[in-house]
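Right, one structure below, let's go through it.
The values are calculated or read from the model by the stated rules, or taken from the named source; none is laboratory data. Being a predicted model, the structure only gives us computed values, none of them experimental. Please note: Cβ atoms are built from the backbone with ideal geometry, for glycine as well, and neighbour counts cover all protein chains shown. Protein only, heavy atoms only, side chains kept; ligands, DNA and RNA dropped before computing areas. Shrake-Rupley method; radii C 1.70, N 1.55, O 1.52, S 1.80 Å.
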Amino acid sequence: MEKIKFSAELDVFESKSELPDHIQALMNDAIVAREKAYAPYSNFKVGAAILMENGEVVSGSNQENAAYPSGVCAERTAIFYAGSKFPEMSMKALAVTAKSLSKEITSPIPPCGACRQAISEYEVNQSTGIPIYFMGETGKVYKAKSIKELLPFIFDKLNL
Ligand code: THU
């Protein structure tokens, strides 16, 4: 019997202002998107912004539903819109931020499992990783250089 081990690496930025300028701008777009979240059930607003290869930014927010599982996370709202609007175009970076209406979120909020799987589909289809920057409302920003850092041993089309 042998063991397989996975390891992950994240870069830690002390705050949004430490980010490179274009990523700071992308995070600001995610903040604007976050404020447009429809989250009356969780009061947890999430915004996501994706920088496309042509420089355009596609953003989205979580959209909840009275039938709870019918709601969609911010990351999937944004990435499915990006895939629909710019099929075949690669994605250069993804920024995510979350804010709760009941307390200040000071630590980074990572994408949920379903969003990781959705992001991986697009990353597998392009030749480069999609760096993911994520934060709460304030505080540190974590960067994963690829979805593989957050979702090792991905199930993808090569498994079919
Ligand atoms: N949510 C996101 O938008 N992204 C995530 O990765 C985690 C969770 C949303 C879903 C739901 O509307 C609210 O946050 C609380 O779970």
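The table that follows gives values for the structure above.
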| read-out | value |
| --- | --- |
| Matching residues in the stretch 75-115 - criterion: being within 12 Å of the ligand (Cβ to nearest atom) and more than 15 Å from residue 137 (Cα to Cα) | 75, 76, 77, 78, 79, 94, 112, 113, 114, 115 |
| Enumeration of residues in the stretch 18-30 that are in a helix (DSSP H, G or I) and either exposed (fewer than 14 other Cβ atoms within 10 Å of the Cβ) or more than 16 Å from the ligand (Cβ to nearest atom) (or both) | 18, 21, 22, 23, 24, 25, 26, 28 |
| Any hit, the stretch 133-155, residues being on the phi > 0 side of the Ramachandran plot, touching a residue at least 12 places away in the same chain (Cβ under 8 Å) and not hydroxyl-bearing (Ser, Thr, Tyr) | yes |
| Restricting the stretch 104-160 to residues that are farther than 20 Å from residue 44 by Cα, part of a loop (DSSP other than H, G, I, E, B) and polar (S, T, N, Q), the residue that is most open to solvent (accessible area, probe 1.4 Å) | 127 |
| Subset tally (residues that are open to solvent by 50 Å² or more (accessible area, probe 1.4 Å) and within 26 Å of residue 12 (Cα to Cα)) for the stretch 60-103 | 5 |
| Residues of the stretch 31-58 classified as within 14 Å of the ligand (Cβ to nearest atom), in a strand (DSSP E or B) and either at pLDDT below 95 or open to solvent by 50 Å² or more (accessible area, probe 1.4 Å) (or both), total | 2 |
| Residues being touching a Phe, Trp or Tyr at 6+ places or on another chain (Cβ under 9 Å) and assigned to a loop (DSSP other than H, G, I, E, B) - total across the stretch 83-103 | 3 |
| Qualifying positions in the stretch 1-17 - of a type outside the set (S, T, N, Q) and open to solvent by 100 Å² or more (accessible area, probe 1.4 Å) | 1, 2, 3, 4, 5, 6, 9, 14 |
